[in-house]
Each structure stands twice: as C-alpha cells, then as structure tokens.
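Have a look at the structure below, then the notes.
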C-alpha cells in the first residue's frame, strides 16, 4: 500500500470565535476517504484540540500559560476526535486517536511500538488521527508544532508523500498577505537557506506554525525520500486532484539518496544528551572519509550521557557536523579522549568497541 500523511493545522479546522468547523472537517474527511478508496493508506496529523478547548472554556485568545494550554487541550481533544468520527462516519470510514509526545520518538523502543500500532491500524482500514499529547507535554518534550510532528510521522511509517494543508496556496516568493507581488513557487528542487528566508513569518491566533515551520518540516521529510506538498486546505478536492496527477500548490522534491529508517530516527527522532568536540583530523574522517569516530579524534566532552544516548559531534569552529549513538558514557570518554584504541582497555579495564560512535550509528549533518 502507498502511504500518505496529511497534516491539518488549527487555522484550517477552527477559528478563535466559532471553534471547530464541522463542514470543513467533513469536506476533508470526504477527500481522505476518496484517497483510501484509491488504494492509499492515509494518516492524518491534526491540530485543533486547543482551539476547540478555547471555545469550550470561553477563552478569547490562545492561552500562554502551560497549565491553561493543557486544560484547553484536554477539554477540546474529545470534541476534535468526535468531529472526525462524525465526518468520516458519513463516508463509511473509521478513525482512531493516537496522541504522541517527543518521548515516543526519542526512545527507540517506543518509536518502534508507535510504528507498529500505526501500521496495524492501517492494515485494518482504520484512519489514524495523530496529535501531540498537549495535555501532558511540557516545553522540554514538545515537538514545537504539528508540522514537525507530521514530518516525523511520515518518516516513521515510510510514507511516500507528506501533504501539508495551509491557509494559502503554497510557498510564495514573498508574503501574499502583505500585498507584495508574490509569485507561487510550484516546484522546489532543494530547500536552501534562501528558501528558508522566503518562508519567514508567524502563525495564526489559534495555530503555532507559520510557513517557516512547514519549510523546516519539508526539509526533514525530503531527506527521508518523502515528497512534500503544501496546498490550500480551505479548498475542497485538492488532495485527491493532486494524487491524480494535477499539480497544486508547492511541491518539494524528495532527495534521491534517502536516509535509512534507523539513521532517520537518529537525526530527527533521538534526543541529544551531549556533545563531543573533535579535532580537524576527525572532521575530515567523518565528513569525507566515511569513517567512525575514534577516541583519538576527541578533544573534549560536553554534557552527561550514557551508552546508547544520542550526541553531537562538533568541529573546532563550534559547528555541529554529525549526530550519532555513543558506545561509551561521557565519564568513560573523558578518560579515553585523545587516546589510541589500543589503550582503551588498559585505561578502562574493559572495551565495548574500538569506535566511540560506529559509522552505522552516525549521520553527517548538512
């Protein structure tokens, strides 16, 4: 089955005055139901719980206090999933609610369990509705926005396409809301710093992400071999038209050399616990030589971490050049840094591996 992730923002589903828009949700459900009938497995990543909760609690503006945000999310999540139940029920489709935090991606076992749950639901023809678990998430474990969550989910299930529904037609050469002569960019071959600069801006009163967050999410997804489309989510029929071959919005081309599932998790899912500062020789070996990181190339250690944690490799100029899973703890590396591999066992009394980070567990960063 071909797998598609569709991300829907709060500004598509709701507004601060009226709460959830049942007609819009029903329209999106119709489009997604047609996709499933066309032979696609579809997962929705949907915002809207806090917006629905704002209406329920009588709030006039999006809460800033974390406890009030969590209360609004708890109050609104039931409304959101019920709206989807009714919307998809009208097309004979069933949905399931999946609430995630970043811990479900940073912990490898939970990552695999989340993947298995989603794939099992898809195998039964059920459409998962994924949202961040805002009722328990704190700033330290939040995804930041659901654009980021959608890119992670797309990588998690090996999706072929991520479709992000926006309140504009796609990425423009300048902000169309400010009256400039904006031109829609129909295709983006590579997400460069210039493209990121074009996407600057802020989100709506009920949402968290603007166009910039969508571009960053797209950048992550394309590196996993996933094609990304940003289209207007307020126009019915565009999702199915897109999958039938009619271009809409902006398409970001996937990279031909995709990361493996494990390396995709290392880069985007695992949470960094510390850093290793490496010398010029190690930088050359990692970036150009395709080598593992050895103790001899390590200059200093930052942070406290254990074996199996994710850490950054930092060059002499202070730039993060790689991310990987360490074979040794920070205290052990402090003892063996700058040493040859033949000295490790003598210093520690044991040796897990010649490499501090094996090449199979290391990804060079752009």
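Per-structure values
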quantity: Label zone at residue 22, where the point sits 7 Å out along the Cα-to-Cβ direction: region 70-99 residues whose backbone N lies under 18 Å; calculated: 76-93
quantity: Helix 211-223 axis, angle to the chain major axis (alpha carbon atoms, nearest 10°); calculated: 60 degrees
quantity: Residue 235-residue 2 pseudo-label distance in nm [points 7 Å out on the Cα-to-Cβ vector]; calculated: 2.1 nm
quantity: Potential extension, residue 307-residue 78 segment - 0.36 nm per residue separation minus Cα distance; calculated: 78.4 nm
quantity: Theoretical ellipticity at 222 nm over the chain - DSSP helices of four or more residues, -39500 (n - 2.57) apiece, nearest 500; calculated: -11000 deg cm²/dmol
quantity: Antiparallel DSSP beta bridges within the chain, percent to nearest 5; calculated: 35 percent
quantity: Packing rank of 298-305, 343-350, where each peptide gets the mean count of other beta carbons within 10 Å, highest leading; calculated: 298-305, 343-350
quantity: Theoretical gain in end-to-end length, residue 345 to residue 189 [0.36 nm per residue, Cα-Cα removed]; calculated: 51.3 nm
quantity: Correct option for Rg and Dmax of the Cα atoms in Å [calculated from the coordinates] among (i) 25.6, 81; (ii) 20.1, 68; (iii) 22.3, 70; calculated: (iii)
quantity: Nitroxide proxy distance, nm - points 7 Å out along Cα→Cβ at residue 335 and residue 365; calculated: 2.9 nm
quantity: Region 272-364 - convex hull of the alpha-carbon atoms, volume per residue in Å³; calculated: 77 Å³
quantity: Angle in degrees between helix 66-89 and the longest Cα principal axis of the chain, rounded to the nearest 10; calculated: 60 degrees
quantity: Cα long-axis angle, helix 108-123 against the chain (0 to 90 degrees, to the nearest 10); calculated: 30 degrees
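Taken together, the values in this text are just the output of simple stated rules run on the coordinates, not laboratory data. Keep in mind that this is a model prediction, so the values were computed, not measured. Because the Cβ atoms are built from the backbone with ideal geometry, glycine has one as well, and the counts that use them run over all protein chains shown.
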